[in-house]
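Asks: Quick one: this structure, given as structure tokens, is what I'll be asking you about.
The values are calculated or read from the model by the stated rules, or taken from the named source; none is laboratory data. A quick note: this is a predicted structure, and the numbers were derived from the prediction, not measured. Cβ sites come from the backbone with ideal geometry, for glycine too, and all protein chains shown count toward neighbours.
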Amino acid sequence: MEEQEIKESIDRAMEHRHDSDDAAKTDALVDSLMESYEINPLGTRLDQERLLNRDILIRVLETTRQVLFPGYYETNRVRKEYLRYVIGDRLEYIQYNLKKQISIVLGNLDMCDGCSRSVILRRSEEIVDAFLKKLPKVREYLATDIEAAFDGDPAAFNKEEIILCYPGLLAISSYRIAHELQLLKVPLIPRIMTEYAHSRTGIDIHPGATIGKYFFIDHGTGIVIGETTEIGDHVKIYQGVTLGGLSTRKGQALRGKKRHPTIGDNVTIYAGATVLGGETVIGENVTIAGNTFIVKSIPANMRVSARAPELEYSHGKHCEEYLDYVI
């Protein structure tokens, strides 16, 4: 046998051995994971025929936002004479897909184990019809949110910039859509919608929160608004604000209880402030300074601030090179 043939034969044998070793390792790993699924079933969803489709729900959310702001989130121009057709087509898409996804999530509930398919579909259709009827009201609230953003932010060039660019409006519009589904007692789907907005904006608004008109989020990153938060009209909050619950060991025992603060009308909360607790009520016309930590109620017409840390100044060796800078 020639030298080249010997080399090729050795190469084939080594390749076969390598493939066999890889197959054995893969089999061992699969066996290990199969055992893990048996020992720790949490995190597995097997033999469930009707699966919720998160991607479709996100498309439903974005299509609903297109209905709320026609002409803004498009790839092509929307002509006024065709608007009725365009909106009708989008509503049909929302109606079909949202009904299907709601029927899936309702059908997967333990309480619906004995429900017939026709009963679940009928209930899903009722929910979607009620939701779609709320869209004009959602537009009314969003119009006030845009006004609040424009009036409250001198950096806003015009209202189109707010609709197209501001993460606060993306988060608020997603919340207002999801909130209507939450009020109709749709499980899981509202949270998927608001968490999608959270992932895009860094603004975490639970769909169960109650938020009034003229709500303005400035900058937005790091904002958290908990499930039982109540916010009045004309409220402005800045980045890093938390409207949260006091941490306890009770966990699920607190489900359904008021755990987050109530914020009155005309309140401004500056960056980094934290307001916690279901019994905490912030009165009307209150201004809360940045980096404050509040767990007790504040009467109306108050200004709240933390004592500023004491700053220390000293001259360094190279001080002169900074003398021309003004802070």
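Asks: Do you know which residues across segment 194-205 are over 21 Å from Thr144 (Cβ atoms) and in contact (Cβ under 8 Å) with a residue 12 or more places away in the chain?
Replies: Tyr196, His198, Arg200, Gly202, Asp204
Asks: Could you say whether any residue in segment 164-173 is surrounded by fewer than 18 Cβ atoms within 10 Å (Cβ to Cβ) and outside any helix (DSSP H, G or I)?
Replies: Taking every residue of segment 164-173 in turn, none turns out to be surrounded by fewer than 18 Cβ atoms within 10 Å (Cβ to Cβ) and outside any helix (DSSP H, G or I).
Asks: Now for a different question. Which condition does Glu161 not pass, out of (1) surrounded by fewer than 18 Cβ atoms within 10 Å (Cβ to Cβ); (2) outside any helix (DSSP H, G or I); (3) not aliphatic (A, V, I, L, M), if it passes all the others?
Replies: The failed condition is (2).
Asks: Please list, ordered by first then second residue, the pairs with beta carbon atoms under 7 Å, 6 or more apart or interchain, first in segment 98-120 and at pLDDT below 90, second surrounded by 14 or more Cβ atoms within 10 Å (Cβ to Cβ) and of a type in the set (A, V, I, L, M, F, W, C).
Replies: Gly107/Ile120; Cys112/Leu106; Cys112/Ile120
Asks: If you go through segment 141-159 one residue at a time, how many are in contact (Cβ under 8 Å) with a residue 24 or more places away in the chain and more than 14 Å from His234 (Cβ to Cβ)?
Replies: Looking only at that region, the number is 2.
Asks: State yes or no: is Leu184 on the phi > 0 side of the Ramachandran plot, of a type outside the set (S, T, N, Q), modelled with pLDDT of 95 or more and assigned by TED's automatic domain parsing to the domain that holds Val128? Before the answer, list the steps.
Replies: Values: on the phi > 0 side of the Ramachandran plot: no; of a type outside the set (S, T, N, Q): yes; modelled with pLDDT of 95 or more: yes; assigned by TED's automatic domain parsing to the domain that holds Val128: yes.
Criteria not met by Leu184.
Asks: Is it the case, given these coordinates, that Leu243 is without any contact (Cβ under 8 Å) to a residue 60 or more places away in the chain and either small (Gly, Ala, Ser) or crowded, with 18+ Cβ neighbours inside 10 Å (or both)?
Replies: yes
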